[in-house]
Amino acid sequence: MTQTAKERPLRADAERTVRNILEVAERVLAEDPTAGLGQIAAAAGVARTTVHRRFASREALIDAMAAHAFRQVEEAIDIGRPETAPPMVALHQITANVIQVKSGWRYAVGQPRLTDPDAVAAHDRIFTKCHRLLERAQQAGLLRSGVDLGWARRVYHALIEQAIIESAQSGEGAESGEGDADPDALASLVVDTLLGGLGPKG
């Protein structure tokens, strides 16, 4: 067996370990933003030294979480084919995808200031792709021709954030018969509200 063949399982195992730490850290920090690396390591079922080997500090871990989360958001956008799908189809699918992904990474994507270069780059690409999607929607007549797309984008993002809050509160809503955490249903609410407010005047 070659050295490369021996190393591959180790690399895959290391990737799984890192992914597990990031996912557990999101859950722990969402519940307790003051939690330290020791608490995260315990929740992830790994030694504290394992976390320290991969992340030099708590801040480095949060940076890695943000980079990972924004890469997933970008992938969710790309899956919706923002450049090739019919604008209405792309808008709905991308909205549902983003709600689903961001609902699982609320702490990471909610950081007030991004410092990791990968996270910043992914965040910038996401904004560019969102702007292009709304531009295509405007060209298709879904948005009024005079609507400021920068404003439309901010409204769209605010609606998505509200849908994510709705999703987070759906546990209580489900018990009382109210609310719906289904990303497709929430996406429909977001898109209907966006287009109803900014669509062509009848």
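Things worth noting here:
- Residue, surrounded by the fewest Cβ atoms within 10 Å (Cβ to Cβ), within region 31-53, restricted to residues that are assigned to a loop (DSSP other than H, G, I, E, B) and of a type outside the set (A, V, I, L, M, F, W, C): T34
- Qualifying residue in region 110-132 (condition: farther than 18 Å from R71 by Cβ and part of a helix (DSSP H, G or I)): yes
- Search result, residues across region 83-106 that are touching a Gly at 6+ places or on another chain (Cβ under 7 Å) and hydrophobic (A, V, I, L, M, F, W, C): A90, I94
Residues checked against (1) at pLDDT below 90; (2) closer than 23 Å to G110 by Cα; (3) not aliphatic (A, V, I, L, M):
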residue: I126; (1), (2), (3): no, yes, no
residue: H157; (1), (2), (3): no, yes, yes
residue: Q162; (1), (2), (3): no, yes, yes
residue: A174; (1), (2), (3): yes, no, no
residue: V190; (1), (2), (3): no, yes, no
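- All positions within region 94-109 that are in a helix (DSSP H, G or I), in contact (Cβ under 8 Å) with a residue 40 or more places away in the chain and out of contact with any Lys or Arg (no Cβ under 8 Å at 6 or more places or on another chain): T95, A96, N97, V98, I99, Q100, K102, S103, R106, Y107, A108
- Test result for R81, in a helix (DSSP H, G or I) and either out of contact with any helix residue (DSSP H, G or I) (no Cβ under 8 Å at 6 or more places or on another chain) or surrounded by fewer than 20 Cβ atoms within 10 Å (Cβ to Cβ) (or both): no
The values are calculated or read from the model by the stated rules, or taken from the named source; none is laboratory data. All values derive from a computational prediction rather than experimental measurement. Cβ: placed from backbone, ideal geometry, glycine included. Neighbour counts: every protein chain shown.
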